[in-house]
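Below is one structure, written out as structure tokens, with a few remarks after it.
The values are calculated or read from the model by the stated rules, or taken from the named source; none is laboratory data. Treat the numbers as computed from the prediction; the structure is a model and nothing was measured. Counting neighbours? That spans all protein chains shown, and the Cβs are built from the backbone with ideal geometry, glycine included.
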Ligand SMILES: [Zn+2]
């Protein structure tokens, strides 16, 4: 597990305890669902936070946001559900709150280090902490619960048609297009999304 942690840290560029939580959670789901090879399984995952945990899930299971097998519902909870579409078995794995309460002390320490701007020390502190988490027996760290989804799993590759926005001219998937006064527009040109950038002229 330590070598997996090292690879994962190099994949995402930093060590955070959440990554170690993620490794433990994926392992627990794999055991519960009796999956031999995660990357060959017909797996779908819902992560309940956008921080740290999705990196571990993508890296270890091959379920990614890009291939449609990872959905992020950002409740900021250290929890995830793993659904084996082959066997229809599903499990939600979360960190036991009592454990996380104790673990907050570690975060407090890294915050105080950050205030003193000891960045090297923060990195070592986080890496050490992540290693400690890996060594904790799963039953002390995780709650694993069998679940049934209340909403359908979206199709992995939805049938799609490409259309072009009549204002900016850029291509979009048909389901993301809007019709305003008979014109096909992208979400930004239709005013449904605020542009996150503006062009900079030299
Ligand atoms: Zn447009």
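Things to note:
- Test: residue in the stretch 44-51 that is out of contact with any strand residue (DSSP E or B) (no Cβ under 9 Å at 6 or more places or on another chain) and under 24 Å from residue 125 (Cα atoms): yes
- Among the residues of the stretch 172-202, just one is more than 10 Å from the ligand (Cβ to nearest atom) and touching a strand residue (DSSP E or B) at 6+ places or on another chain (Cβ under 6 Å), namely 174.
- Scanning the stretch 144-171 for residues that are exposed (fewer than 10 other Cβ atoms within 10 Å of the Cβ), in a loop (DSSP other than H, G, I, E, B) and within 16 Å of the ligand (Cβ to nearest atom) yields a count of 1.
- Among (1) touching a helix residue (DSSP H, G or I) at 6+ places or on another chain (Cβ under 8 Å); (2) surrounded by fewer than 17 Cβ atoms within 10 Å (Cβ to Cβ); (3) within 17 Å of residue 154 (Cβ to Cβ), the one test that residue 45 misses: (2)
- Every test in (1) farther than 24 Å from residue 37 by Cα; (2) exposed (fewer than 15 other Cβ atoms within 10 Å of the Cβ); (3) modelled with pLDDT under 85 is passed by residue 125 save one, and that test is (2).
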